[in-house]
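Below: one structure, written as structure tokens.
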Amino acid sequence: MNFLGIDLTRIPKLGLSLDIVLPLLSVITMLLSTHISMKASGQQMQGSMKFMMLAMNLMFVWFCFTAPVGFCLYYTVGNICQIGQSFLTYKIYSPEKFKAQYEAELAAKKAAKPAAKKAKPAAKKAAPAPATEEPKLVVEEPKPVEQEPVQPKEEAPMEQPYVTPRRSIAFIGSECHPFVKTGGLGDVMYALPRELVKQNCDVRVILPRYACIPQEYQDKMVYRGEFYMDLGKTGRQYYVGIMEYVCDGVVYDFIDNQEFFSAGNPYISLVDDIPKYCYFSKAALAALNFMNWIPDIIHCHDWQAALVPVYLRTMFQDSPVGRAKTVLTIHNLRFQGIYNIPTLKYWTGLPSEVFEMGALKQGYEDANMLKGGLAYADRITTVSGTYAQEIQTSEYGEHLEGHLRYHNYKLRGIVNGIDYGMWNPETDPALAVNYGLGNVLEHKMENKLALQKELGLEQDEGKFVLGLISRLTNQKGLDLVSAVIPQVLDGNTQIVVLGTGDKVYEDTFRGYEDAYKGTFSACIQYDESRAHRIYAGADALLVPSRFEPCGLTQLNAMHYGTLPIVRETGGLKDTVEPYNTFSGEGNGFTFDRYESGLLLDAINRAKTLYFTNRYHWDEVVQRDMAKDVSWENSAKQYKDLYLELTQW
């Protein structure tokens, strides 16, 4: 009997016949293999899938019982191997394990979301780290236990200081606080090198060893060496001694020669100063070669060091220091070092071509040391952006406007800052009461009362106290101040003047003190401690300059919570934004044209706000104290300039 090709009479012999046993084994192994494979992969048969598998199995049963025995044997062995492989797969990669791993990853992602949100602002602030790092860490590390400690470690390096390639800088100038100082140049020569050390720079400051340097610093100087050099057409060899002093990471090298630097003051007269600074400029370069310390940049300041770029590109061009680039900073264009050509030729020994019209020559008979430095320097800087533009005009150019316009491609302005170590109302030992941004409104009034008592003024915290701290010269707008004093002193206002200078202004202010006892104080002296107390005790500070390259007094005043009243010129315009009555914006009071009436108007606007709207006045005080006027940003700009010049 046959059914679908099967001889049913052979069924009793199933256990003995290979052509029955092998097809059955093939069918059984095929079914097991299919079941275990699907189990291992986590699939389940549903609906039409089950029907199709049943139909395929029936067809396979029919095929096995009609196929040759050899084929059934081969297929059975293959199915047994497949069963073994599927079994191992199921044991190692079971769906339960995949499910557990998936759930762990999901939990890790949920736990990482809050941390990622918190880290997002820090990532925006810090540019060095790529923004895609944190998501990668979350995906690659599914274990939440390991992720949480990783997140803070990623944030820590984001708060890195400003780091750029290292450069060596030699500062050459005629004064530097605390050794010798007559003006703003001394502050810059002190504060900028210290800040550049923090900007990854190796800095030396080269100065004359004046006899007026305080003995406490003279005693700390260390002998570094000595040599002799020729100077111009004098036919002599001049002694050059090097004394060294190190402070706060800055190396100070003092050029020692008693013949030139034995006077009590750094500046005497042009007759004495021209030979002195011709010698100093050449000795500074020779000292760098002698010490075998070759800087990347030589940064010179004002006319006293303006011959350094000229010497460098002529007499020192083939020496080791000749590879350095030069920057010349103009702190005040009014002072240029002008003298007759024969005298400068005698003291410098420079070749005749540098005394042509495009370099040192000015007019028919004179040589201008600053003009020569501007021509030979690789870059020229001024101490504010507005002043850099002003000096290219006839009003402010001091007869060098055409020369500066010719070299304007290498001219730029960088505003000065103040040293928070020296100027900080929270730690200033000179103040009656220290204060900061949080308590300025309470403690500044106490400093006002202490200042009034010190200077013999009427002690009344309701008075409006105006301060003036300045060299008493025509540049500072003192003719405007003296013209408006009678109108300003209205019974509610007091004025304090501190400084020395031209006799006409000293006598004028002494006269006002006699006429307005208890209301006007004239301190005709240089007293830095008292200057600190005026910044802290005054309500406003006058800086009505005719021109002002940068100005540090308005920056000091703002940092001490004293509002500046300034003329819109040079650095004053760059640092003081006029107060807007309608929007409340601004940080001081300004006027534009050089007129006494406009100065009086600016003072009256300040007094009106002070007496009628103290709330807004106090807002401006706090805004000024919060403003960053430190050297950090300025030093970054100088560092960028140095890197621009030394791209190797």
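Here is the link list: 198/410; 198/282; 444/573; 181/325. Which ones come out longer than 31 Å on Cα distance? Could you put the intermediate results ahead of the total?
On the way: 198/410 26 Å; 198/282 29 Å; 444/573 26 Å; 181/325 27 Å.
Pairs exceeding the cut-off: none.
What ranking of 227, 582 comes out by heavy-atom accessible area, probe 1.4 Å, highest first?
Values: 227 35, 582 200 Å².
From most accessible down to least: 582, 227.
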Based on the alpha carbon coordinates of the range 325-374, what radius of gyration and maximum Cα-Cα distance (Dmax) apply, in Å? 10.8, 31
Expressed per residue, the solvent accessible area of the range 244-387 in Å² (1.4 Å probe) is about 33 Å²
Using bins 5 angstrom wide from zero, how does P(r) for the range 308-442 break down, in % of all Cα pairs? 2, 9, 16, 16, 14, 11, 8, 6, 6, 5, 4, 2, 1, 0
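Using a simple charge model, +1 on the beta-carbon of Lys and Arg, -1 on the beta-carbon of Asp and Glu, nothing else, what dipole does the range 559-648 show about its Cα centre, in debye to the nearest 20?
On the way: 10 positive and 14 negative charges, 46 e Å.
My answer is approximately 220 debye.
So if R0 is 25 Å, what FRET efficiency would residue 405 and residue 353 give, r being the distance between their Cβ atoms, rounded to the nearest 0.05?
Details: r = 22 Å, r/R0 = 0.90.
Efficiency at R0 = 25 Å is approximately 0.65.
Suppose all protein chains stay in the model; what accessible area per residue would a 1.4 Å probe give for the range 569-648, in Å²?
Numbers: 3820 Å² over 80 residues.
Heavy-atom accessible area per residue stands at 48 Å².
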Restricting to the range 175-270, compute how many DSSP beta bridges are antiparallel as a %, nearest 5. 75 percent
So if R0 is 25 Å, what FRET efficiency would residue 454 and residue 514 give, r being the distance between their Cβ atoms, rounded to the nearest 0.05? 0.85
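Report the charge-dipole magnitude of the range 246-332 in Debye, nearest 20, computed about the Cα centre from +1 at each Lys and Arg Cβ and -1 at each Asp and Glu Cβ.
On the way: 5 positive and 9 negative charges, 66 e Å.
Computed about the Cα centre, the dipole is about 320 debye.
What shape does the range 404-530 have by the C-alpha gyration tensor, where a ≥ b ≥ c are the square roots of the eigenvalues, rounded means a/c under 1.5, and otherwise prolate means a/b greater than b/c and oblate the rest? Mind dumping the intermediate values first?
Values: a/c = 2.19, a/b = 1.19, b/c = 1.83.
Note, shape of the range 404-530 comes out oblate.
Could you list the square roots of 5 times each eigenvalue of the Cα gyration tensor of the range 195-299, that is, the equivalent ellipsoid semi-axes, sorted largest first and rounded to whole Å?
Numbers: eigenvalues 109, 59, 36 Å².
Equivalent ellipsoid of the range 195-299: 23, 17, 13 Å, largest first.
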Taking the Cα centre of the range 382-473 as origin, sum charge times position over the Cβ atoms of Lys and Arg (+1) and Asp and Glu (-1), and report the length of that vector in debye to the nearest 20. 380 debye
How large is ³J(HN,Hα) for each residue in the range 243-249, as worked out from phi by the Karplus curve 6.51 cos²θ - 1.76 cosθ + 1.60 (θ = phi - 60°), to whole Hz, x for Gly and Pro? 10, 10, 9, 10, 8, 6, x
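Efficiency by 1/(1 + (r/R0)^6): what FRET value for residue 461 and residue 526, r their Cβ-Cβ distance, R0 = 35 Å, to the nearest 0.05?
Numbers: r = 28 Å, r/R0 = 0.81.
For R0 = 35 Å, the calculated efficiency reads 0.80.
Would you mind telling me the share, in percent, of accessible area of the range 176-254 contributed by carbon and sulfur at probe 1.4 angstrom? Before the final figure, lay out each step's value.
Numbers: 1450 of 3120 Å².
Roughly 46 percent, rounded to a whole number.
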Return the long-range amide H neighbours of residue 335 (sequence gap of 5 or more, or a different chain), with a cut-off of under 5 Å between placed amide H atoms. none
State log₁₀ I(q)/I(0) for the range 533-609 at q = 0.13, 0.21, 0.26 Å⁻¹ as given by the Debye formula over alpha-carbon point scatterers of equal weight, solvent excluded. -0.33, -0.89, -1.31
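What order, most packed first, do the peptides 189-195, 213-219 have when packing is the mean number of other Cβ atoms within 10 Å of each residue? Provide the component values of the computation, followed by the final result.
On the way: 189-195: 23.6, 213-219: 12.3.
Sorting 189-195, 213-219 by mean packing, highest first, produces 189-195, 213-219.
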Considering only protein heavy atoms, what is the solvent-accessible area of residue 259 at a probe of 1.4 Å, reported in Å² to the nearest 10? 110 Å²
Mind checking the log10 I(q)/I(0) for the range 595-648 at q = 0.16, 0.25, 0.30 Å⁻¹? Debye, one equal scatterer per Cα, no solvent, two decimals. -0.69, -0.93, -1.04
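Using a 1.4 Å probe and counting only protein heavy atoms, arrange 473, 608 so the residue with the most accessible area comes first. Mind showing how you got there, number by number?
On the way: 473 30, 608 80 Å².
The most accessible residue leads, giving 608, 473.
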Tell me, what % of the accessible area of the range 556-622 is carbon and sulfur with a 1.4 angstrom probe? 48 percent
For the range 491-546, the per residue accessible area (1.4 Å probe, Å²) is 37 Å²
Got a sec? What order do 646, 427, 234 fall in by accessible area at 1.4 Å, biggest, i.e. largest, first? 427, 234, 646
Taking a probe of 1.4 angstrom, what is the accessible area of residue 338 in Å², to the nearest 10? 60 Å²
Report the accessible area of residue 423, computed with a 1.4 Å probe over the heavy atoms of all protein chains in place, in Å² rounded to the nearest 10. 20 Å²
Taking H placed 1.01 Å from N in the peptide plane, check which residues at least 5 places from residue 590 or on another chain put their amide H under 5 Å from its amide H. 566, 579
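Take the solvent-accessible surface of the protein heavy atoms, probe 1.4 Å, and return the percent of it on the range 314-435 that carbon and sulfur atoms account for.
Roughly 48 percent of what the probe reaches on the range 314-435 is carbon or sulfur.
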Taking θ as phi - 60°, what are the ³J(HN,Hα) couplings along the range 172-178 by the Karplus curve (6.51, -1.76, 1.60), each to the nearest whole Hz, with x for Gly and Pro? 10, x, 9, 8, 6, 5, x
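The values are calculated or read from the model by the stated rules, or taken from the named source; none is laboratory data. The shown structure was predicted, so the numbers you read here are calculated from the model rather than taken from an experiment. Cβ sites come from the backbone with ideal geometry, for glycine too, and all protein chains shown count toward neighbours. What goes into the accessible areas is simple: the full protein's heavy atoms, side chains included, and nothing from ligands, DNA or RNA. Shrake-Rupley method; radii C 1.70, N 1.55, O 1.52, S 1.80 Å.
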